[in-house]
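Beneath this line is the structure, given in C-alpha cells, with notes to follow.
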Amino acid sequence: MLPNNKKQALSEKQFRIPVESFPHPVAVHSEGKFVYVNDATLKLMKAKSSKELIGEPAIDIVHPDYRKIASERIKHLYKTGETAPFIEEKLINFRGEEIIAEVTGILIDYDHKPSILVTIRDITEKKNAEEEILTLNKILNTLYKISQDVIIETDINKLLNKVCDRIIKELDIRFVWIGAINSESVEVKPIAQAGFEKDYLKKARITYDKSKYGKGPTGTAIRTGKPSVMRFIDTDNRFKPWREIASQRGYRSSASFPMFTKGKCMGALNLYSQSSDAFGAIETDLYGTLADYVAIALKTITKEKELRESEEKFRSLAEESPNMIFINKKGKVVYANKKCEEVLGYTRKELYSGNFNFMTLFPPEHKDTIIKKFREHREGRDVPTYEFELLKKNGGRLNVIQNTQLIDYEGERSILGIVTDITELKHAENSIIELNEKLEQKVQERTEQLEVANMEIKVLLREMHHRVKNNLQIISSLLNLQSANVNNEELSRALKDSQSRIETMALIHESLYKKETLSRINLRKYLEDLTNDRIRANSKKGFKVISKIDVPEVKLNISTIVPIGLLINELVTNSLKHAFQNIKEGRIKISLKKLTNNKYNLLYSDNGTGFPKDTDNKRSKSLGIELINSFIDQIGGTFVLKTGKKGVEYKITFRE
C-alpha cells in the first residue's frame, strides 16, 4: 500500500501527461489562485516561467471590464459543478496586451481540493480581421460620399466643413482639420475642422519648415509630399511640442496626408484618433485618396465665383476627379472625363461617336439593372447608389459603384453619372473575407481538438478514481482474509473495523467514476448505500434494523464527503455493535438541514440503550469515539451529544 503522498504524486503526474503538451492554454486554479498552468498558457500570457502565475489570483489576467462576469461564473461552477460553457472574454497578458478569447471551465478535484480546470481559445486574430473589414467598409462608404460632395457642392467652405463633419460622424476619428499653406510664411493655416478640438489649433503652432514645429505629421506631410503617421503620440519625440495639449484632449495617434493639385502641395488633411496605432497600411492608402478628393476642392478657393458656377467649374473638377464622370443624354454619351478614357480604354472621340452603343459598357447580366435605374431617373424618382460591373474595351471587368442624378444639360434632361472604381478594394475585401474563413476553419478545428482533449481529461480522472477504488477493494479483501486467519478476537475486530472504513472510502471513488461530475457526490444516495451496506455487514442474524435517510438533494465535494462518510460509518457501526441490546427492533435515522452561508446541520440518532452516564464522549480513549471526534474536526464541525434510555443523538454543525 503506497503512502498518501505517493498516491497524490501519481495522480498529478497522470493529469499533467496529456495536458502539458496541449497546443491550447490550460490552467487550474483553486481557492482563486493558479495551481497549474501548461506551456501554451505561459506563451499566451507572455510569461517567462510558471512561477509568474502559480500562486497568483486567477482573476488578475481577466480584463477589468469582464472580472464581474468571470467571478460570477466561478461561484456558479463551485456551487453547481456544472461545466461552464465557452463565452467570449477579454484577458490581459504580462505585457499589458488585450487578448480576445473564448473561455470554458470544469470542476475537478486537484490535490484533494475542489478546483477549476480552465481551457482558453485565442480568437484575437479572428476578431481583428472582422473589425478590419468593418473599418474598411466605413472608410470606403465615407470616401464615396465625400467624392459626391466634391462634385456636387458649389460652396467651397461648406464643402470642406462637410468633409470634416462626415469623417467625424462616420469614422473612429476624434478630431480632423484641413490646413492650407500660407504663402507669406511657413505657417499652416486651418481652413476647416470638426470634432473634439477645445482651442487645440489656437494653442499649437504648426509649420512646414524644418524647425521643431515643422517636424510633426502635418509639416512632414507637406514638406515631403508623403503621408506622415505618428502611431504613438505619447512616446514619439517628433510630437513633443504638442504632446501635452494633445494628451489633454485624448489624442493618441495622428496622421496627415498632403493634398496636391497639378503637382503642387496645397496643404494637408490631418486626423487625430483616441486610439494608439489607429492608422494601418490599408487605412492610410484610403485616407490618402480622401486627401486627393479634398485637394481637388481646395483648388477652387482661388477661383472666382462666376467660374465656380459655370460649366467650366464642373469640367475642371470633373477632369481632375479620380472618379469616372459622364453625362448621358437620350442614350448617348455627351461628356466623359479623362478618367473614363484612362480606365475604360476608349477615347472620348469613340465615346462621343453617334455609333457608340452606351450599353456595350455593361455585361449582359447588368444591362436590365442599368435600364431600370435610368428609367426611374426619367420618371423623377430618387435612385440610391448601386454597385455593378463595367466592361473595358479590352474585355476586362471592373467592380464599380455609381451615383446617378437627373440634371439639365444644354437645355435637356440628362443623366449625370459618377462612377468609382472599387476593384482593388473588392480584391482586398475578398482577401480579408478569405482569411476570415480560414481563421473560422482553424478555430473550428481547434474547437474539435479541445473537445477531444476535455473528454480525454474526464476519462483520465474517471480512470484514476476507478483505480483508487479497485486498490481500496484489494486492501479491504486482504484485511478480510487476515481477520479470518487470526485467533485474537480483539485483533480480528480491529481488522474488520479498518476494512469497514476502507470500504467507505472505496464507495466514494466508485460514485465519482460512475458519475458525470468528477468532484461532487450526491450525499443522500451515498448515505443510503453506505448505511444499507453497514447494516447488512454488521447486524445480527434475525435482528431487524430499519434506517431512515432524510437528506435533501445536496452535492458535496470530495474533501467534505470523505470525513462525513467515515463519520457515519463509525456511528452506524457503533449502533449495530453496542446500542441494540434487549430491544426488538433497531432504528437509525440520519437527516440533514441546510442553513445559511453553506452551513449544514447533520443529525444522527438511534433507539438503542445510549452511553453509560459516566462516559465523556470528548475525552474517551476509545478508538471509535476518537475517530468520530477526528472526523468532525476534519470538516470544521462542532457537535452536541444527547444520550439516554431512548438512544443517542448527535447534532453536528459544519460548513462546506
Notebook entry, point to check: Amide H neighbours of Ser275 under 5 Å, counting only residues 5+ apart in sequence or on other chains, H built in-plane at 1.01 Å?
Noted result: Arg252, Ser253
Notebook entry, point to check: Going down the list Lys226/Lys442; Lys138/Lys373; Lys162/Lys202, which pairs span over 28 Å between their C-alpha atoms?
Noted result: Lys226/Lys442
Checklist line | Solvent accessible area, Å² - Leu91, 1.4 Å probe, full protein context | finding: 10 Å²
Next item on the list: Could you go through region 232-240 in sequence order and give the Karplus-derived ³J(HN,Hα) for each residue, using 6.51 cos²θ - 1.76 cosθ + 1.60 with θ = phi - 60°, rounded to whole Hz, and x for Gly and Pro?
Entry: 9, 4, 5, 10, 6, 5, 5, 9, 4
Item checked: Under-5 Å amide H pairs with Phe86, H placed in peptide plane, nonlocal only -> none
Notebook entry, point to check: Once amide H atoms are placed 1.01 Å from N in the peptide plane, what residues at a sequence separation of 5 or more from His63, or on another chain, have their amide H within under 5 Å of its amide H?
Noted result: Lys90, Leu91, Ile92
Checklist line | Relative contact order (%) - criterion: Cα under 8 Å, at least six apart; region: region 66-188 | finding: 13 percent
Notebook entry, point to check: So how do 70-82, 344-356, 324-336 stack up, highest first, on mean other-Cβ count within 10 Å?
Noted result: 324-336, 70-82, 344-356
Notebook entry, point to check: For region 326-400, what is the convex hull volume of its Cα atoms per residue in Å³?
Noted result: 96 Å³
Checklist line | For region 411-418, 3J(HN,Hα) per residue [Karplus equation, 6.51 cos²θ - 1.76 cosθ + 1.60, θ = phi - 60°, Hz, x = Gly/Pro] | finding: x, 10, 5, 9, 10, 8, x, 10
Item checked: region 639-647 - phi-based ³J(HN,Hα) in whole Hz, Karplus 6.51/-1.76/1.60, Gly and Pro as x -> 9, 10, 10, 10, 9, x, 5, 8, x
Check: If you find the alpha carbon centre of region 151-215 and of region 68-98, how far apart are they in angstrom?
Finding: 46 Å
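The values are calculated or read from the model by the stated rules, or taken from the named source; none is laboratory data. On a predicted model such as this, the values are computed, not experimentally measured, just so you know. Here the Cβ is made from the backbone with ideal geometry for all residues, glycine too, and neighbour counts use every protein chain on show. SASA here: full protein model, heavy atoms, side chains in, ligands and nucleic acids out. Shrake-Rupley method; radii C 1.70, N 1.55, O 1.52, S 1.80 Å.
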